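Following: one structure in structure tokens, then a few remarks.
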């Protein structure tokens, strides 16, 4: 009797479900818009003019990511090597030589480094850009990077610097205090001198030590820029960027030990306080001229000059004697000079109902890098500072 009751219950359930399935109907709903008040400050809808596309990002098929200035400020990012890449999927930094320069890898190889649309990629540079003069950073992934005419198949990243906005007097100042004796001050002054002339000045000074002994990184930035409206259709923008860095020798981040991986404490270092600091002076000049023929055609030309001079040292193990690591200091001097000239034309035409976007241009550049690492000497193993040379400590 129990079996008959259970069977009837199951049959009843199946019949009920079948009846519900027959009554299901589809309904169309109106458009649903999700809005918020916070995301807008982190979203850039258009790229810079140096990207040469003159189109809203949503209409561009290329894979482009833009890190806005507000995002950089809220994350308290200070240099390109300091956490910028966590905002970009698939981009990694090659950890080499600390904060002196930043190498970015995307899709298996090095991504070309651009500043305001010119390729400043170099052997050991350029100096990691300080965020005090950066407006935003554009990442273009994959072969789409070739839209800049001399990119890389892995992609590019383009540093876009701050320019005068033409608004009335506007200024900001910021003081940052952090761990390991970090003291940093920034100032940004943006003003309109006349209806046709605007000026902007960015200043920064920083002193910072490290969680590793004897490491430090001091930086200074001066960045004036001038924007002149020559006519209703022609605009000239000129800027100068001076970056000065004074830091501990660039090999101090590397740790070598007989004991194996993770054998040394976090604060361990192989550097020595008696070693002279590494000094980098970077001078960049950029002049940009834009002329609009009409609403559909625009001509852009610019000249860029970059010179970076470095005098410093790096330290590596020379050999091991018993429990001692013999450290060798190599002095090096480098001069990096780059010159660029660009001109490109953006246009828009129609063939019936079909719209065409036209981009044509010329990109010229010259790079000269000279370096000398030929001088060096071994440190005295019996005159070590702390445990810097004793691998058994």
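Exactly one residue out of 217, 286, 223 is in contact with a helix residue (DSSP H, G or I) (Cβ under 8 Å, 6 or more places away or on another chain), at pLDDT 90 or above and part of a strand (DSSP E or B): that is 223.
Taken together, the criteria place residue 215 among residues that are under 30 Å from residue 266 (Cα atoms) and buried (at least 17 other Cβ atoms within 10 Å of the Cβ). Going residue by residue through segment 207-215, is there one that turns out to be more than 21 Å from residue 330 (Cβ to Cβ) and in contact (Cβ under 8 Å) with a residue 60 or more places away in the chain? The answer is no; no qualifying residue exists. The residues of segment 292-302 that are touching a strand residue (DSSP E or B) at 6+ places or on another chain (Cβ under 6 Å) and surrounded by fewer than 16 Cβ atoms within 10 Å (Cβ to Cβ), listed by number, are 296, 297.
This table checks each residue for (1) within 30 Å of residue 241 (Cβ to Cβ); (2) out of contact with any helix residue (DSSP H, G or I) (no Cβ under 7 Å at 6 or more places or on another chain); (3) without any contact (Cβ under 8 Å) to a residue 60 or more places away in the chain; (4) not in a strand (DSSP E or B).
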residue: 301; (1), (2), (3), (4): yes, yes, yes, no
residue: 320; (1), (2), (3), (4): no, yes, no, no
residue: 325; (1), (2), (3), (4): no, yes, no, no
residue: 347; (1), (2), (3), (4): no, yes, yes, no
residue: 350; (1), (2), (3), (4): no, yes, yes, no
residue: 360; (1), (2), (3), (4): yes, yes, yes, no
residue: 364; (1), (2), (3), (4): yes, yes, yes, no
residue: 370; (1), (2), (3), (4): yes, yes, yes, no
residue: 377; (1), (2), (3), (4): no, yes, yes, no
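Report yes if residue 314 is surrounded by 16 or more Cβ atoms within 10 Å (Cβ to Cβ) and over 24 Å from the mean Cα position of the chain (by Cα), otherwise no. Against the criterion (surrounded by 16 or more Cβ atoms within 10 Å (Cβ to Cβ) and over 24 Å from the mean Cα position of the chain (by Cα)), residue 314 qualifies. Of the listed requirements (1) at pLDDT 80 or above; (2) over 30 Å from residue 277 (Cα atoms); (3) part of a loop (DSSP other than H, G, I, E, B); (4) in contact with a strand residue (DSSP E or B) (Cβ under 7 Å, 6 or more places away or on another chain), residue 54 misses just one: (1). For segment 93-171, the strands (runs of 3 or more DSSP E) that sit wholly inside it and include 2 or more residues that are over 30 Å from residue 372 (Cα atoms) are 134-141, 155-161. Residues that are crowded, with 22+ Cβ neighbours inside 10 Å and part of a strand (DSSP E or B) within segment 265-281 comprise 278, 280, listed in sequence order.
Taken residue by residue, segment 235-251 has no member that is over 19 Å from residue 95 (Cα atoms), free of Cβ contacts under 8 Å to residues at least 40 places away in the same chain and either part of a loop (DSSP other than H, G, I, E, B) or more than 27 Å from the chain's Cα centre (by Cα) (or both).
The values are calculated or read from the model by the stated rules, or taken from the named source; none is laboratory data. Note that this is a predicted model, so its numbers are computed, not measured. Neighbour counts run over all protein chains shown; Cβ positions are idealised from the backbone, glycine included.
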